[in-house]
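**Student:** Please find one structure pasted underneath; my questions will follow.
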Amino acid sequence: MRISARADYAVRAALQLAAAPDAGPLKAETIADAQEIPHKFLESILGDMRRGGLVLSQRGVNGGYRLARPAESISIADVIRVVDGPLVSVQGVRPPDLSYTGPAASLLPLWIALRANVRQILDGVSLADVVSGGLPSDVMALTEAPAAWTNP
């Protein structure tokens, strides 16, 4: 699975908003500077997040962006889906819409299993979990194997 720059930036922007719930709306420039995200790119991402119902925007001198609902109720998967679409696709197609024959027939259940595992992790972690540093134990357990930290 590949996490796009757009998805990475969106998650980081959402985390910046989640970390400052009582600060009032945050300006895009503030988020961009704090997370070292190109400002124009972030404006586009925040627009997608607004249209997707994850953030609210407020115009004016005291304007900016804030989360549309509590950080506990927004998963990392929610953010990625809003800016990038489905979590797992094969050549741009969702796994259930694929079909294979012959020796590749059992490839479809593999893609479905991959999607299920990605969903389990990303749907199971909220913005609040990441901001607090309290990732779920099943997610943390996956990081304990030394091979998880290296590239084959």
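**Student:** I need the helices (runs of 4 or more DSSP H) fully contained in the range 7-110, keeping only those with at least 2 residues that are in contact (Cβ under 8 Å) with a residue 40 or more places away in the chain, closer than 29 Å to G133 by Cβ and open to solvent by 40 Å² or more (accessible area, probe 1.4 Å).
**Tutor:** On the way: elements: 28-35, 39-51, 76-84.
Because the criterion is at least 2 residues that are in contact (Cβ under 8 Å) with a residue 40 or more places away in the chain, closer than 29 Å to G133 by Cβ and open to solvent by 40 Å² or more (accessible area, probe 1.4 Å), the helices (runs of 4 or more DSSP H) in the range 7-110 that meet it are 76-84.
**Student:** Just to be sure I understand, how many residues within the range 111-152 are at pLDDT 95 or above, of a type in the set (S, T, N, Q) and outside any helix (DSSP H, G or I)?
**Tutor:** Number of matching residues: 1.
**Student:** Follow-up. When the residues of the range 132-150 are filtered to those that are open to solvent by 70 Å² or more (accessible area, probe 1.4 Å) and within 20 Å of the chain's Cα centre (by Cα), which remaining residue is farthest from E72 (Cα to Cα)?
**Tutor:** Going through the qualifying residues, I end up with L142.
The values are calculated or read from the model by the stated rules, or taken from the named source; none is laboratory data. The shown structure was predicted, so the numbers you read here are calculated from the model rather than taken from an experiment. FYI the Cβ positions are ideal-geometry reconstructions off the backbone, even for glycines, and counts take in every protein chain you see. SASA here: full protein model, heavy atoms, side chains in, ligands and nucleic acids out. Shrake-Rupley method; radii C 1.70, N 1.55, O 1.52, S 1.80 Å.
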